[in-house]
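The structure under discussion appears below in the form of structure tokens.
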Amino acid sequence: MITVHHLNNSRSHRVLWLLEELGVPYEIVHYKRDATTRLAPPELKKVHPLGKSPVISDGDRVVAESGAIIEYLTKVHGKGKLWPSNDAPNWAEHTHWMHFAEGSAMLPFLLGLYAGLLGEGAAPLRPRIEGEMANHLAYMEGALATRDYFAGDSLTAADIQMSFILEVADTSGRLAPYPRLQSLLARIRARPAYKRALEKGGPLELTRR
Ligand SMILES: N[C@@H](CCC(=O)N[C@@H](CS)C(=O)NCC(=O)O)C(=O)O
């Protein structure tokens, strides 16, 4: 049985959503962020040394890092559903977006979060951070000019990986200039599997960055 070690209001939501899309059975162990620090509780470090979410266990195997978890679940349990085959025309695009989400797009949003903790002291950094957020969002918007989803005309695992950026950007009002990204997020949120993931994992109430 697959166990999702699920932290409230976190990237772990996308793993629950993926499992709902795949129709693969799983159980959830819930972890709650500290109300003040927003950090994960120390019990998560008993599952994986980083103590971050998402992390899953599948028998004796523990898999951490969203992209690795999504690839593992689609390939090992999902019969390849939502994951283009190596010879598919959209394989390279799909790989790009799978990596872009955490490798590029999240960085300015994380910097925004940490700069927020610094308050006014971070003011000199703000224009650069805002510029990089806009740079990444505009690039994402441009990619959707010729297709409905990041790697083609139907949902793939890359959209699930990218969804957290859309949620984070929307929370802070930064999706407003990007109608295609807004449309994609609306279509994502309308999916029954996405809604089931929220019912099981709890609402996604993210910190404004
Ligand atoms: N790149 C990692 C990031 C993992 C991560 O930072 N998760 C956050 C939740 S969204 C977390 O566990 N935060 C709590 C903490 O750092 O204590 C992934 O995509 O899995």
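We did not get these values from a lab; they are worked out from the coordinates using the rules stated. Being a predicted model, the structure only gives us computed values, none of them experimental. Don't worry about glycine lacking a Cβ; one is built from the backbone with ideal geometry, like all the others, and counts go over all protein chains shown.
Normalise the Cα radius of gyration of region 1-124 by 2.2 N^0.38 Å (N = residues in it) and let me know the number. Each step should come with its number before you reach the end.
On the way: Rg = 16.5 Å, N = 124, 2.2 N^0.38 = 13.7 Å.
Relative to the rule-of-thumb radius for its length, region 1-124 sits at 1.20.
For the chain, modelled as a GNM with alpha-carbon contacts under 10 angstrom, which of 91, 83, 17 fluctuates the most?
Between 91, 83, 17, it is 91 that shows the largest mean-square fluctuation.
Counting Lys and Arg as +1 and Asp and Glu as -1, what is the net charge of the other residues whose Cβ lies under 10 Å from the Cβ of residue 157?
Value of the local net charge: 0.
Counting other beta carbons within 10 Å of each Cβ, put 48, 5 in order, fewest first.
Ordered by Cβ neighbours within 10 Å, fewest first: 48, 5.
For a label point 7 Å from the Cα of residue 126 along Cα→C-beta, name the residues of region 180-209 whose backbone N is under 17 Å from it.
Only 208-209 pass the distance filter.
Sort 24, 29 so that the residue with the fewest other Cβ atoms within 10 Å of its own Cβ comes first and the one with the most comes last.
Fewest to most other Cβ atoms nearby, the residues stand as 29, 24.
If the limit is 29 Å between Cα atoms, which of 52/75; 45/81; 46/200; 52/79; 45/79 go over it? Mind showing how you got there, number by number?
On the way: 52/75 23 Å; 45/81 31 Å; 46/200 23 Å; 52/79 27 Å; 45/79 31 Å.
Listed pairs above 29 Å: 45/81; 45/79.
Just from its helices, what would the mean residue ellipticity at 222 nm be for the chain, if runs of 4 or more DSSP H residues each count -39500 (n - 2.57) and the sum is divided by every residue, rounded to the nearest 500 deg cm²/dmol? Each step should come with its number before you reach the end.
On the way: 9 runs with 99 residues, N = 209.
Dividing the helical sum by the residues of the chain leaves -14500 deg cm²/dmol.
Which whole-number percent of Cα pairs in the chain have a distance greater than 33 Å?
Of the Cα pairs, 13 percent sit more than 33 Å apart.
Just flag the GluC sites (Glu not before Pro) in region 149-209 sitting in loop per DSSP whose Cβ has no more than 16 other Cβ atoms within 10 Å.
Answer in residue order: 205.
Most exposed first by the Cβ proxy, i.e. fewest other Cβ within 10 Å, how do 140, 106, 162 rank?
Details: 140 23, 106 18, 162 27.
Ordered by Cβ neighbours within 10 Å, fewest first: 106, 140, 162.
Would you mind counting up the charge near residue 74? Only other residues with Cβ under 11 Å from its Cβ, with Lys and Arg at +1 and Asp and Glu at -1.
Counting the neighbours of residue 74, the net charge comes to +1.
Contact order normalised by length for the chain, with contacts defined as Cα pairs under 8 Å and 6 or more residues apart; what percent is it?
RCO, the chain: 25 percent.
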